[in-house]
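The structure under discussion appears below in the form of structure tokens.
The values are calculated or read from the model by the stated rules, or taken from the named source; none is laboratory data. This structure is a prediction, so every number in the text was calculated from the model and none was measured. All Cβ positions, glycine included, derive from the backbone under ideal geometry; neighbour counts span all protein chains shown.
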Amino acid sequence: MTTPDYRGLSKVGPWKPLTMRLPSHAGRNSAGRITMRHQGGGVKKLYRIIDFKQNRLGAKLAVETLEYDPYRTAFIARVAADAGARSYILAPEGLKVGDQIVIEEAAPLKTGNRLRLKNVPVGYQVHNIELTPGRGGQLARSAGSYAEILANADGYTDLKLSSGEVRRVPWDGLASLGQVSNAEWNLVTIGKAGRSRWLGIRPTVRGKAMNPVDHPYGGGEGSQPRGTRKPKDVWGNVTGGRKTRNKKKRSSKLIIKRRK
């Protein structure tokens, strides 16, 4: 069993005014029916209210703490503005307590600073990127994520995402410099079943271990292969080998290169 390195985090609890208790739906829809299986239980946790917009131009924020967030893979930072207002933001890799974050149209090219995409030079890494100016960051928000600036032209910025996809976004959107923290999160080994239960992940039974009435893969003496050409879910729907993106989606024209 392995864990991320938490030694760089501040030994403080969450800032109470920026927390709230979210009700647990455990994979259920508005009708109370389970639409995503294998969810439920887990330790109680408080939601931290994150400022994904960070759009107060001219603001200078002082980093007060670096903290763990149970609702996301990345670490978060509590920052204070000049007027004393506090907020939580996604912490980039290398950010330290006492650092200053600047939000400007063309802020200095320093990790954590937030500026317009059109003012970020080619080759820089950015995160918490706005798809629509003013809506708040939507791209590159999980641990270790970043997008690389490939070009700025004709009102759009070309980004290479972690998946390999090259996507065009309006260059008036804001983005933060650097890579999201906790980059080694994907190397964590859960180690035991109980730790998955702490995270609210319930056991998953293999389809081939079921009876034919329960799953398309079920039945047979002993361990049997899948016995069907395409991977299917419990209800027989094909789950692999076909595209699920809506062909009429308007933003498809902004995807220059699809992910592999």
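The residues in the stretch 34-70 that are in contact with a helix residue (DSSP H, G or I) (Cβ under 8 Å, 6 or more places away or on another chain) and either under 29 Å from THR132 (Cβ atoms) or among the hydroxyl-bearing types (Ser, Thr, Tyr) (or both) can be counted, and the count is 2.
So which residues in the stretch 89-110 are under 24 Å from the mean Cα position of the chain (by Cα), within 17 Å of TYR124 (Cβ to Cβ) and in a loop (DSSP other than H, G, I, E, B), if there are any at all? Residues satisfying the conditions are GLU93, GLY94, LEU95, LEU109, LYS110. Apart from one condition, ALA106 fits all of (1) modelled with pLDDT of 95 or more; (2) surrounded by fewer than 17 Cβ atoms within 10 Å (Cβ to Cβ); the exception is (1). Applying the criterion of being hydroxyl-bearing (Ser, Thr, Tyr) and either exposed (fewer than 12 other Cβ atoms within 10 Å of the Cβ) or in a loop (DSSP other than H, G, I, E, B) (or both) to the residues of the stretch 18-52, the residue that is farthest from the chain's Cα centre (by Cα) is SER30. For the criterion of being of a type outside the set (Lys, Arg) and over 21 Å from the mean Cα position of the chain (by Cα), LEU117 fails.
Condition check for GLY58 on (1) outside any strand (DSSP E or B); (2) closer than 21 Å to GLU93 by Cα; (3) touching a residue at least 40 places away in the same chain (Cβ under 8 Å): one failure, at (2). Among the residues of the stretch 71-88, some residue qualifies, meaning at least one is loosely packed, with under 15 Cβ neighbours inside 10 Å, under 22 Å from the mean Cα position of the chain (by Cα) and not small (Gly, Ala, Ser). Of the strands (runs of 3 or more DSSP E) that lie entirely inside the stretch 126-223, those containing 3 or more residues that are among the aliphatic types (A, V, I, L, M) and surrounded by 14 or more Cβ atoms within 10 Å (Cβ to Cβ) span 147-153, 174-177.
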